[in-house]
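I have placed the structure first, in the form of structure tokens, so that the comments after it can refer back to it.
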Amino acid sequence: MTTADKTITFLPEDCQYGTTAEDAPFVISARIRIGLVRRIPVDTGADSNILFRGAFDKLGLRNENLQTYRNSVTGLGENFFKPDGSITLPLTIGTGNQRKTILSEFVVLKDSTAYNIILGKKTIKDFSAIIFTKYLFMNFITEDGSVGSIHGDREVAAKCDNTSLALRKKSCDAARIFFADLDARQDDQPRPKPEGDMESYK
């Protein structure tokens, strides 16, 4: 597979999970603003990035940071919701030299979910990323022009699946357990970020 002037390949050793991963969602962690956010599915069929309200609050964002979203509703699966607004934030995938940061728009929704954020197809394109779902593996072009890679987290994906089922049964306990898992750790590499600090949430 080729993206821009780079050839991206997938090798058998890139697969960590065997055939058990074939039907699993591709779930990763990424740095949003200055917080490390877990439970992020990458959805090649989603038009927009979705930031759920619990994660929005944990990232230290406020209503005054929101902009009016250009559409009155946004789709999520087979359902449509009225968003609280939209916000543009720095988004980083990868670590160390194998990473890339872009500014990306997120639509903010109140609805409870097993996930914190959903990344849509425009962001995948902006990262020049290619996903091999059978391997739960993604390659992308890093800031220095090399090819970086990320493995999806099969264990987290399974937990999120179980929580999604519980949420569909209106289990408030399950929602509280898995809603917004954030880590405010930072590394020493520069990246775009808004003014102000983010507190650590335990």
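The values are calculated or read from the model by the stated rules, or taken from the named source; none is laboratory data. From a predicted model like this one, the values you see are computed outputs, not experimental measurements. For neighbour counting, all protein chains shown are included, and Cβ atoms are generated from backbone atoms with ideal geometry for every residue, glycine included.
Data overview
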{"item": "Flag if Lys121 is in contact with an Asp or Glu (Cβ under 6 Å, 6 or more places away or on another chain) and in contact (Cβ under 8 Å) with a residue 40 or more places away in the chain", "result": "no"}
{"item": "Pick from the stretch 95-136, criterion touching a Gly at 6+ places or on another chain (Cβ under 7 Å) and modelled with pLDDT under 90, ranking: nearest to Arg33 (Cα to Cα)", "result": "Gln98"}
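Yes/no matrix, rows are residues, columns are (1) buried (at least 16 other Cβ atoms within 10 Å of the Cβ); (2) assigned to a loop (DSSP other than H, G, I, E, B):
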| site | (1), (2) |
| --- | --- |
| Asp57 | no, no |
| Ile87 | yes, no |
| Gly94 | yes, no |
| Asp111 | no, yes |
| Ile118 | yes, no |
